[in-house]
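Visitor: Please see the structure below; I have some questions.
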Amino acid sequence: MDWQVLTRELSLYLESQVRVGFFGSGVGLSLVLGFGVAYACYYLNSIAKKPQLVASNDRFCRFLEEYCPVVTETYYPTIWCWEGRVQTLLRPFITSRPQVQYRNELIKTADGGQISLDWFDNNDSSYYPDASTRPTVLLLPGLTGTSKESYILHMIHQSETLGYRCVVFNNRGIAGEELLTPRTYCAANTEDLEAVIHHVHSLHPSAPFMAAGVSMGGMLLLNYLGKTGRDTPLMAAAIFSAGWNVFESVESLEKPLNWLLFNYYLTTCLQSSISRHRQMLEKLFDMDLVMKARTVREFDKQFTSVMFGYRSIDDYYEDASPCRKLKSVGIPVLCLNSVDDVFSPAHAIPVETAKQNANVALVLTSCGGHIGFLEGIWPRKCTYMDRVFKQFVQAVFEHGNKIFSM
C-alpha cells in the first residue's frame, strides 16, 4: 500500500471517528494527517540513516560490528529536533544531569602550576571490587567545560553501571582552583595531559586505562596520541565532536548565523574563565585588549597563541589541528562526528587520512550537531553519543585483546 492510499484511508477513518470542531468538514484533519505522513516519509528517507564507518583495518571493523554494534545501526535523531544547530543548542537544556559525587585532587606541575582532577572512584563496583585493577576512564571536557558538564556526567553514569572508575581532567583555572602561574591551556600543548596520564597510571598501574575526549578535549587527546604513538599507557581512546582543522572550524563559526548562535557566546565564556585570574595574568598580557575580543579567533590571537609562544595565530592553529597528526596515532581510536556540525565542517573531516592508519575508525552521522546526537521523542536520559561511549569503552576493557594485536 503506497503512502497516498494509506493517507486517504487513515483520513477517512479518523473523520468517521472524530467530530472535528475547528474544521467541520474534516479538511483540517486531513491536511494535518497528510502533513504528518509526508513528514514521516521524509524523516525515514532523508534523516534517519546508518552512520558511515570509515576504517581501513578489517579486524577493527569486525570488532566494532560485534562489540560496538551501535556504530552500524540506523541513527534516529529526535524527530522534532534533528538539525545540527538546534541539537547543539538544546542538548544542555534537555538532557538530564545525573548526580555524581566527586573526590577532588590537585596535582602540581613542573612549572609550579596545579591541575584539578575530579575522581569518581566507584568503590561500590560489584564487577571490579579490587580498586587496583578496576578499569579507569580519563575524561577530557570541551573548550570551557568541567566535570559538571551534562555530557561528562552521562559518561560517568554509563561507566558506573559497568563498574568502571572515572577521572575528569579539568583544564587549568576553570574548575574553581587558583592559577599559581600565568598559564592556562590550549588544544596544542599536551604537557598537562601528559602529566595527568602519568599521574593516574602511577596510582593504578595494574588497572586497564583508556581516555575519552569531547570537542577541544578530543582535539587535545588526539594531539597527544599523535605525539606519543604507541608510547602511552592508554589502551584506546574515544573522541567525540573534535574539530579536526582549526582553520576550517573558526571560519565556519565566523559565518553570521554561527557567530550569533555560538562564536560570541564561546568568546565570552573564554573571557569569563580568565577574568577571575586577571591579577595573575596581567603580569604577561594586556587584559583590556583580551577582554575586547568578539570572536574565538581574536581571543586566540591576543591571548592563547601569545601565551604558548607561537609567532602567529596561524602557527598555533596549524599545531592545534589534529588532522595533521592522525597518521601517527598508535593505539585504537574511535572518533564520532556529525557531518552537520558547524564546529567541525564535513569537508574538514580527514577521511582519507584516517584510511591510512589501521588504528583509526571514524563514525560519521548525517545529523547530530556538536555534542548533540539527541534521539528519541524526549531525549532526556541517553543520547546516541552516550551509547557509542558505553559500548566502545566496554568493548575495549572486556574484549580489547582482539584488537590490540592489529
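Visitor: How high is the relative contact order of region 136-178, in percent, with contacts defined as C-alpha pairs under 8 Å that are six or more residues apart?
Guide: Relative contact order of region 136-178: 56 percent.
Visitor: Ok, one more. What does the accessible area of Lys227 come to, in Å² to the nearest 10, when a probe of 1.4 Å is used?
Guide: The value for Lys227 is about 130 Å².
Visitor: In the chain, which whole DSSP H runs stretch at least 20 Å along their own axis (Cα) and average 0.0 or higher on the Kyte-Doolittle scale?
Guide: 27-42
Visitor: Another question about this same structure. Quick one: compute the contact order of region 246-320, relative version, from alpha carbon pairs under 8 angstrom and 6+ residues apart, as a percent.
Guide: 33 percent
Visitor: Another question, then. Ignoring everything except DSSP H segments at least 4 long, calculate the 222 nm mean residue ellipticity for the chain; use -39,500 (n - 2.57) per segment, divide by total residues, nearest 500.
Guide: Result for the chain: -11000 deg cm²/dmol, rounded to the nearest 500.
Visitor: Same structure, new question: Accessible area, 1.4 Å probe, largest first: how do Arg62, Arg387 sort?
Guide: So, going from the largest accessible area down, we get Arg62, Arg387.
Visitor: Using a Förster distance of 30 angstrom, determine the FRET efficiency expected from the C-beta separation of Glu352 and Leu44, and round it to 0.05.
Guide: The value I calculate is 0.45.
Visitor: Cα gyration tensor of region 214-293, axes a ≥ b ≥ c as square roots of the eigenvalues: rounded (a/c below 1.5), prolate (a/b > b/c) or oblate?
Guide: It is oblate, given that a/c is not under 1.5 and a/b is not larger than b/c.
Visitor: Between rounded, prolate and oblate, where does region 246-320 land on the alpha carbon gyration tensor, with a ≥ b ≥ c its root eigenvalues, rounded for a/c under 1.5, else prolate if a/b exceeds b/c?
Guide: Oblate, because a/c is 1.5 or more while a/b does not exceed b/c.
Visitor: Also, I was wondering about something else. Can you give the extra length, in nm with one decimal, that the chain gains between Arg62 and Ser272 once fully stretched, where that is 0.36 nm per residue apart less the Cα-Cα distance?
Guide: 71.0 nm
Visitor: I would also like to ask the following. Could you please put Met280, Met287 in sequence from largest to smallest accessible area, using a 1.4 Å probe?
Guide: Output order, biggest surface exposure first: Met280, Met287.
Visitor: Of Ala195, Gly163, Pro345, which is farthest along the charge dipole of the chain in the positive direction, counting Lys and Arg as +1 and Asp and Glu as -1 at C-beta?
Guide: Towards the positive end, the residue furthest out is Gly163.
Visitor: Okay, next question. Accessible area of Leu326, 1.4 Å probe, to the nearest 10 Å²?
Guide: 0 Å²
Visitor: R0 = 30 Å: FRET efficiency of Asp286 with Ile107, Cβ-based, nearest 0.05?
Guide: The calculated FRET efficiency here is 0.45.
Visitor: In terms of solvent-accessible area of protein heavy atoms at a 1.4 angstrom probe, what is the ranking of Tyr264, Tyr384, highest value first?
Guide: Output order, biggest surface exposure first: Tyr264, Tyr384.
Visitor: Tell me the carbon and sulfur percent of the accessible area for region 246-320, rounded to whole percent, probe radius 1.4 Å.
Guide: With neighbouring chains kept in place, the figure for region 246-320 is 52 percent.
Visitor: Let me ask another. By how many nm would the segment from Tyr127 to Asn401 grow when fully extended, if each residue of separation counts as 0.36 nm and the alpha-carbon distance is taken off?
Guide: Extra length available between Tyr127 and Asn401 comes to 96.7 nm.
Visitor: What is region 298-406 by shape, rounded, prolate or oblate, if you read a ≥ b ≥ c off the alpha carbon gyration tensor as root eigenvalues and call it rounded for a/c under 1.5, prolate for a/b larger than b/c, and oblate otherwise?
Guide: Oblate, since a/c reaches 1.5 and b/c is not below a/b.
Visitor: Using Cα pairs under 8 angstrom and six or more residues apart, how large is the relative contact order of the chain, in percent?
Guide: 23 percent
Visitor: Continuing with the same structure: Please compute, for the alpha-carbon atoms of the chain, the extent along each of the three principal axes and give them in descending order in Å.
Guide: Principal extents (Cα only, largest first): 78, 52, 41 Å.
Visitor: For region 69-180, give the percent of accessible area contributed by carbon and sulfur heavy atoms, probe 1.4 Å, rounded to a whole number.
Guide: 54 percent
Visitor: Of all DSSP beta bridges in the chain, what percent run antiparallel (nearest 5)?
Guide: 40 percent
The values are calculated or read from the model by the stated rules, or taken from the named source; none is laboratory data. Given the structure is predicted, the values throughout are model-derived calculations rather than measurements. FYI the Cβ positions are ideal-geometry reconstructions off the backbone, even for glycines, and counts take in every protein chain you see. Just so you know, the surface numbers come from the protein's heavy atoms only, side chains and all, with ligands and any DNA or RNA stripped out. Shrake-Rupley method; radii C 1.70, N 1.55, O 1.52, S 1.80 Å.
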